[in-house]
Amino acid sequence: MAGNTFGTLFTVTTFGESHGKAIGCVVDGCPPGLELSEADIQPELDRRKPGTSRHVTQRQEPDQVEILSGVYEGKTTGTPIALLIRNEDQRSKDYGNILDTFRPGHADYVYWHKYGIRDPRGGGRSSARLTAPVVAAAAIARKWLHQQYGTTFRGCMSQLGEIAIPFESWEHVPANPFFAANATILPQLEQYMDDLRGAGDSCGARIDVVAQNVPVGLGEPIYDKLDAEIAYAMMGINAVKGVEIGAGFRSIAQKGTEHGDALTPEGFVGNNAGGVLGGISTGQDITVSIAIKPTSSIRSPRPSIDRAGNPVTVETFGRHDPCVGIRATPIAEAMLALVLMDHALRNRAQCGDVKVDTPKIAAQAPGK
């Protein structure tokens with residue numbers, strides 16, 4: 001099955017299925033000498049794991065990561081790093097009724113036509129459970145980027161269904177299950193989710209992610225532009241149906257005099273470009289937003305067909321997130337980190353010796 005490896009120099013190859021014995025990945029291309037242990041990876045997995053609130057799937061997975069290779073005496077060796085996460089709370093019997101039918105909105109129908117075989121338990125390979133190894137791999141990238149450049153990543157939910165979530169402060173994000181940067185709106189979000197669950201329905205979400213202290217010069221024109229690779233990575237996340245970089249679709253209504261981020265000796269006067277010009281990082285914040293569709297696994301009966309093409313009614317049981325966007329923030333941060341890690345190594349390989357006399361300007365001009 002092709003399409004399981006992400007990256008060029010820093011590569012991540014995932015393996016496993018939702019209800020298999022384990023999931024995991026092999027990370028190749030990590031520079032040697034990076035201090036690394038499970039303790040560096042586990043906090044990111046804990047942010048993503050299921051069962052953390054009543055608003056997400058109640059599947060109880062500890063998601064404890066094991067480092068199987070690539071680390072000796074606490075440091076990376078430059079060889080492949082194998083990460084393993086065991087599945088411990090599968091309930092495959094919940095999926096017995098969909099063995100011969102196709103769930104609307106899922107990959108069941110296309111997997112069957114493409115491969116002639118599919119694992120229906122929890123979605124098998126197409127399950128969002130496979131984002132856990134990606135988050136684990138990205139923890140390695142995040143640590144290296146922070147040590148080399150001071151690069152940091154953070155994200156938040158900015159919309160849940162019809163409810164826009166005004167930004168208040170980043171300090172609110174780790175204090176609630178929605179990753180919302182707003183404390184006052186939490187009761188409304190909770191009631192909205194309770195109503196959805198009671199109705200057997202689901203909703204989508206918008207997630208915003210930011211990378212700060214990004215070096216200038218990451219990205220490869222023309223077809224490996226940094227923003228193109230970011231969009232590619234984000235669209236690889238389960239249920240993502242749209243990506244914006246910087247001003248995104250707001251650019252349509254902007255004038256050129258407004259959209260172009262002027263340069264001054266003190267810094268850029270704006271960041272409509274989202275930290276990328278001509279496909280290359282400017283040193284400003286990389287700002288990305290993703291649109292996540294409503295969860296396809298809902299209890300409400302829906303029409304479909306069986307493998308013989310006969311009409312059927314499908315009801316999806318099992319334990320599911322009424323909004324998969326609730327746990328998507330750490331995943332989006334992870335994908336952004338993997339892109340920047342890969343391009344940092346690529347830039348170092350080709351352009352590590354480049355020197356210019358023009359000083360680097362500040363990411364943002366004072367007062368802007």
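The values are calculated or read from the model by the stated rules, or taken from the named source; none is laboratory data. Owing to the predicted nature of the structure, the values given are computational and were not obtained by experimental measurement. Reconstructed Cβ throughout: ideal geometry from the backbone, glycine too, with neighbour counts over all protein chains shown. Heads up: the accessible areas ignore ligands, DNA and RNA and are worked out on the full protein's heavy atoms, side chains in. Shrake-Rupley method; radii C 1.70, N 1.55, O 1.52, S 1.80 Å.
Overview of values
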| quantity | calculated |
| --- | --- |
| Amide H within-cut-off set for Thr76, under 5 Å, with H built and near neighbours excluded | Gly33, Leu34, Glu35, Leu36 |
| Average accessible surface area per residue within the chain, 1.4 Å rolling probe, Å² | 47 Å² |
| Cα-based helix-to-principal-axis angle, 226-235 vs the chain, degrees rounded to 10 | 10 degrees |
| Mean Cβ count within 10 Å, highest first, over the residues of peptides 123-132, 299-308, 349-358 | 123-132, 299-308, 349-358 |
| The stretch 63-156, relative contact order in percent, only Cα pairs under 8 angstrom and at least six apart counted | 20 percent |
| Heavy-atom accessible surface of the chain: percent carbon and sulfur, 1.4 Å | 54 percent |
| Sequence-distant residues sharing a close amide H with Ala328 (under 5 Å, placed H) | none |
| For volume of the Cα convex hull per residue in Å³, calculated from these coordinates, the label among (1) 154; (2) 240; (3) 132 | (1) |
| Ranked packing of 259-269, 328-338, most packed first, by mean Cβ within 10 Å | 328-338, 259-269 |
| Rounded D (µm²/s) - the stretch 67-222, Kirkwood Rh over Cα pairs, Stokes-Einstein at 4 °C, 1.567 mPa s | 65 µm²/s |
| Sequence-distant residues sharing a close amide H with Asn87 (under 5 Å, placed H) | Ala22, Ile23 |
| The stretch 133-212 and the stretch 296-363: distance between their alpha carbon centers, rounded to Å | 14 Å |
